[in-house]
Each structure stands twice: as C-alpha cells, then as structure tokens.
Amino acid sequence: MLPLELIRRDPERVRRAAELKGEPAPVDEILKLDEGWRAQLHKAETIKAEQNRLSKEFAKTRDESLKEKLRQMSDEAKIALEMADSVKHELDQLLLQVPNLFDESVPIGESEADNVVAREWGNKPEFGFTPQTHYDLGEALGIMDFERAARVTGSRFAFLLGDGARLERALVQFMLDVHTHEHGYTEVWAPMLVNSASMVGTANLPKFADMAFKVEDKDLWLIPTVEVPVTNFHRDEILEGDRLPMKYVAYAPSWRTEAGAAGKDTRGFIRMHQFSKVELVKVTTAETSMEEFEKLVADAEVILQRLGLSYHVLSMCTGDMGFAQYKKYDLEAWSPGVDRYLEVSSCSVFNDFQAMRANIRYRPAKGAPPKFAHTINGSGLALPRTIDAIMETYQRSDGLISVPEVLKPYMGGIELIGAR
RNA sequence: GGGGAGGUGGCUGAGUGGCCGAAAGCACCCGCCUGCUAAGCGGGUAGGGGGUGUAAAGCUCCCUCGGAGGUUCGAAUCCUCUCCUCCCCGCCA
C-alpha cells in the first residue's frame, strides 16, 4: 500500500498513477476519512490523557470522590477510541485498494497492445516442415494427457508422463542449480498453503481473492505463486541493512482459478489451474531496488538463453502492468507450433508497496530507525510454457524432440524425447 | 487427537494490580582510559500513531508485553476465547 502521508501530501500524483493504470483509487474518500479519523483520535486521546492523569492521582490520594468521575471518563474514552478505530479501520481497507505508483520508465498505455519490446534474443527456428503444436506432439508421444486429467480432476489440468514428466523435473533441477550456484540465490522450500495475512502482504488480497483457491472452513489459501510464502518469510521483521539484498529461489506448484479466462488458451499446456514454477524473490533497499530488479530479469533470461529459446522482453505499459507493480517485464518465449510468443516469466519490482503491507523493514545502519524494504520477484521460469517452447522449438520432422544440450545431464543423457 | 508447560525489547530473561514500555545480562553505538588489542569506567539504544515544527531535530500526548475480547478508576500481571512453541501419550507417510 501507499503511505497515508503520501496521499495527504500529493493526492494528485496518486490519482494520476491510478488513472493511467486503469484502476480505481478512492483518494477522495481516503482524504475525507483521514481528516475525520484525526479529529476523532485527537478527541479520544485528550480524554484518555486526562483519565490517565487523574487515575495516577487517585492512586496517590485514594480520593474516593474521584472514582465516579473516573468511571465515567473511562466509558467516554472507550467510546471515543472505538469511534476513532472504526474510522481508521475503514480507512485502512480503502488504503489497501489504492494501486501502486509506477516508475518513470514505464510506458504509458492502456492494453497489452501498448507494451514495448525492450529487447529480443535468438532467432526463431526455421523448419523444413510445418511445426506441430506441443499438445499434438505431446499427445502423440504419450507424454502429455489432458483427457484423463479432465476426468480425474477437471479442465485446465494435465498429466505429464515418461520423458514429459522427466523433462519437467529436469528443468526444475537445471533452473535451481543455475540460480543457486551461479546467481547466488538461497533455495527455499516453502509452505504451499498460506493464511490471509500473507495474501494481503503480497497484495493478492483483498483485490484478487477470486484468483486463488481457498481451503474450506480454514483461513488457508493455495498459493497462487510461491512468491507469497517467500516474500512473507520476512513479514513483521526488521532486517539488518547489511544483510540486504536477500535473494531466494523457490520451486513450487502454483494454483490459480483463472477466473475471467474462460475460453482463453483452453487448448494445450498453457493456462493451467496448477503449474510448476521456479521463482526468484529479492528483498532489498530503496537505493538498490531498480538495479537489483534489472539483475533479476537478467538472471531469468539466462535460463532461456541456455535452453536456446528465442524470446523477447516486454516492458509492460501502465494499463497492463497490474495493481501492485512499480515496474514489470514479461519474458515471452517463441513457440513455433502455436505460432506465438508464450509468457514464461513475469518480473516485477514493487518498491515498498508489498513491504508496507507485510511490514517488512530493515535498519539502514546500527541504531538508525527502520525503513520499509523494497521487494522484487520474477519467474525463473514458469514450467509449462517453457516445456511448450522447448517441445515446439526442438521438434523434428519425425515427431520426436531433441533434448537441449544443457538438459542432457538432467535427462539421464538421452538425446531424444519420445523415442521408444 | 488426549494431558502438561510456556509466549515479554535485536537476543537471553526478571516482572502476579499503580512506583513498569519494562530489572539484569548479552549485543550494538558514543565518550573516557590505554603504546595497540582486550579489559575497565561513564552514557545511550523497542515499535507505531496523533498534535506542534517549512523540513529535520525537539517538545508533547496516545497505543503496543503472541492476537482478540472482558473485569477494574488503573492490566505484562486477573478472567474468557484464539493462534503459536515446547514436553509426554496415542495415531500416522
């Protein structure tokens, strides 16, 4: 969330950011409630101060005549504080609904059509035949099964089998190895259910409740991304400034309801209710966050480069970047079978937006007052579409799939996927 | 799942109704001392919010001892609920 103080001081800036993001922002209501809250709080605290003073006097003098008056003041103070609290509560709820500001470098725009290609890498592969889609290849080779998944669970789930399942496992291992050994991230194995406070911390609540699966009768949610438990790992903590940036990499499944995506990407291994993801998370300072963000994006790109996949980096425009993000890049891998780019990573910097919600702070120096941290995260990478891009890029005319060089050690040395 | 013990500042830990936002120790910071280091001596160091300051500082008030309620003029301390941790028993991959 944004600091109340910022909204007081510069409401116009907040309004403008919200407008360009296409998000509603209850700035006027907030300003009004803020004024009311402060007036009521002042009133309540005045009564409370007097009550505290007289109560101390009573402790000394034991003057019984004070007692009845104190009893009354106690009630008055309680009511006044309750009134202030209820306004503050309302105010806090509204604050959670205000979208983040955005960086100067973010392109202004309304939809995905306005996103800007920041850079491209690799050449789109040429085939002497018409390339097949990953789902045709996968079903023909018996390594992907959507039909049985629909029977066992429902739509937007998949079984991977044989070399397909192994490819998924190999990719996870490969990505984790690169990020831990070469990029200096600490591997994390995280809970896959989190409580509501954590969901609020990363801004998945209250706004995006319908995107996540909720456990019945419990205050637990299936993680829509492992970013949620990993970022909340430091919730309500004050970190030592010299330990920053904290760098984590976590592998976990993500669960999403995909509400609002009806009819979109219904074919293939693209938009699943459950998908694996290797996620990068950083907690850092205001001074270094933009630089650390660019480095994180580069760390994710390394995976695509090593896999030999052609991709481009999109700088997301204001209207397409989302509620909580301060700046965001999407990495999209070229998938010749479906003949389009598939999003395999989304990398965002949040400034202190999440940290304020999750109360993650750090002490810049010994004895200095704590400041809110900056949080960053990005996929490095999401599995299904990476698998799609590999299958489609490395397919052969006979319908078998070559194993990318870097994955061979992770695939037991096999050269071809689907060979029997 | 049953029984028991606990949750206090960066950490350890004392505190059973007002003198407590909190002893003591550790850690850390500033100063003194010392040829250097260690030791020693003196001082300082929780978080959040409101008001007042152009800002910072300062001053001042309010809140916070896992969380939410309650009793009381007054709660870290008493009561209820709840979450978490530890120990014993049972069950289980």
What percent does the relative contact order of the stretch A:4-95 come to when contacts are Cα pairs within less than 8 Å and at least six residues apart?
38
Work out, step by step, the length gained on full extension between A:Q173 and A:E90: first 0.36 nm times the residue separation, then minus their alpha carbon distance; give nm to one decimal.
25.2 nm
Given a cut-off of under 8 Å on Cα pairs at least six residues apart, what relative contact order in percent is computed for the stretch A:135-224?
17
Check the straight Cα-Cα distances from A:K328 and name the lysines below 16 Å, setting aside those fewer than 8 residues away within the same chain.
A:K21, A:K282, A:K295
Take the eigenvalues of the Cα gyration tensor for the stretch A:4-95, scale each by 5, and report the square roots as semi-axes in whole Å, largest first.
41, 11, 7
Neighbouring Cβ atoms within 10 Å as the yardstick, rank A:W189, A:W121 fewest first.
A:W189, A:W121
Summarise the long-distance tail of P(r) for the stretch A:112-417 by giving the % of C-alpha pairs beyond 32 Å.
27
Surrounding charge for A:L96, neighbours by C-beta under 14 angstrom, Lys/Arg +1, Asp/Glu -1, total -1
Chain A, relative contact order in percent, only Cα pairs under 8 angstrom and at least six apart counted
20
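Suppose R0 equals 51 Å. What FRET efficiency, 1/(1 + (r/R0)^6) with r the Cβ-Cβ distance, do A:D217 and A:R71 give to the nearest 0.05?
Given R0 = 51 Å and the Cβ-Cβ separation, E is 0.75.
Greater than 25 Å separation of Cα atoms is the criterion. Which listed pairs, A:K78/A:K207; A:K88/A:K327; A:K32/A:K371; A:K247/A:K366; A:K56/A:K78, meet it? Provide the component values of the computation, followed by the final result.
Working: A:K78/A:K207 32 Å; A:K88/A:K327 30 Å; A:K32/A:K371 27 Å; A:K247/A:K366 22 Å; A:K56/A:K78 18 Å.
Where the Cα-Cα span goes over 25 Å, the pairs concerned are A:K78/A:K207; A:K88/A:K327; A:K32/A:K371.
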So how do A:61-67, A:283-289 stack up, highest first, on mean other-Cβ count within 10 Å?
A:283-289, A:61-67
Dimensionless Rg ratio for the stretch A:264-320, taking C-alpha atoms and the 2.2 N^0.38 Å reference
1.45
Surrounding net charge for A:A212, when Lys and Arg each add one and Asp and Glu each subtract one, Cβ distance under 13 Å:
-1
Whole-Å distance linking the alpha carbon centroid of the stretch A:307-329 with that of the stretch A:180-255 is 20
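Here, each number is a calculation from the coordinates, and none is a lab measurement. Everything numeric in this text was worked out from a predicted model, so none of it was measured. Ideal geometry is used to build each Cβ from the backbone, glycine not excepted, and the neighbour counts take in all protein chains shown.
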